[in-house]
1. Residue 50 versus residue 400, label points 7 Å from Cα toward the beta carbon: distance in nm?
2. Return the ratio Rg/(2.2 N^0.38 Å) for region 41-143, where Rg is computed over Cα atoms only.
3. Taking the Cα centroid of region 330-392 and of region 48-107, what is the distance between the two, rounded to the nearest whole Å?
4. 7 Å from Cα along Cα→Cβ at both residue 324 and residue 365: what's the point-to-point distance in nm?
5. Given 20 °C and 1.002 mPa s, how large is the Stokes-Einstein diffusion coefficient of region 314-405 in µm²/s, with Rh as the Kirkwood radius over Cα pairs?
6. Would you compute, for the Cα atoms of region 170-230, the largest minus smallest coordinate along each principal axis and list the three values in descending order, in whole Å?
7. Where the convex hull is taken over the Cα atoms of region 231-345, what is its projected area averaged over directions, in nm²?
8. How would you rank 222, 85, going from fewest to most other Cβ atoms within 10 Å of each one's own Cβ?
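We did not get these values from a lab; they are worked out from the coordinates using the rules stated. In this text the structure is predicted, and so the values were computed from the model without any measurement. Note that each Cβ is placed from the backbone with ideal geometry, even for glycine, and that neighbours are counted across all protein chains shown.
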Ligand SMILES: *Cc1c(COP(=O)(O)O)cnc(C)c1O
């Protein structure tokens, strides 16, 4: 696989390099040079999830990873299903929360961990530094927990993620260090960017990123879009419209890559909460991020989505119009209302998925079949879901275990000097 830096096209790199390096010069994102459609799509869709994912990844990555190695990596990373659950005759929920941390980021996080473990030079220490607005932290922490020669440092905005989410990744210890940053998610992301600009720190700790910008996470996520369409009844396969609850827009980027590979998705709907930089941009053509506001769907509380340049690049390369991407944004009040109506409709969801469902309903035309991505398990947002629905939904076993444990996080100011000092002296 050959990739180039979107900001500086003269910088090219292979898959292994892009995985290890994360970002290119000038903090540019890497983008695949060649996304050609996959031949014989019907045969591909007929395969089970793991072998099909191996085929998709091999098509994208090429011969850099031998098939037998890639198969072992995918088996370990995708050790749980992504069921497409029928909500009504024209609507399906793609449940991406059956992994160990109950959110879709398990797919990308676990595949990235496999890539780093496979592609890194023996014995050389790596430090994974990532900022999370909720679920990335848990997915990354669990994916790397206990792996030799890999340290993980996770930054998150203090008090701005749910206590359940927090407990899931701050209680592990061992090679996982977590900091609650006095600021919002954008401040955390800025600290990560500063760290990658600091050559001294980078070399000293073997810095690597694991957030949604890493190309390995993105290619992993492409696989479940194929899984979604594969589970649709044959007569509905050409009519699919997919609503993607979006924050950093990695998930939507992966969906668009799947479409570029030939997956028959009619169109996508980018669904956000009040942090609606992208929907406003798609409507007005003006990129005008506002201050990030805290919402019920906190994993999407992002006003400067870091994967957006890849969406634009893909559209440019494929000759697609940005305006072909439908979009919309919901307030917390509208989100609560959607969650209630969806529950009355027979499906228990959480705020992120409910935003997808509601905007799917608003945007979809009569002859289209709708799929909305359920990015997290309802119990992960239990306090809110219980309150909105007047229910007491049960905690799945992995969550119950972590909630009983003590958080090992320390609080730091949104100050790079403080973070650097801590990381250098570990
Ligand atoms: C991360 C996350 C999102 C947003 O995904 P992006 O790829 O950043 O757009 C949506 N829902 C949940 C539950 C998440 O954890």
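1. 2.8
2. 1.22
3. 23
4. 1.4
5. 142
6. Answer, in whole Å and largest first: 46, 28, 26 Å.
7. Averaged projected area of region 231-345's Cα convex hull equals 8.1 nm².
8. By the 10 Å Cβ count, ascending, the order reads 85, 222.
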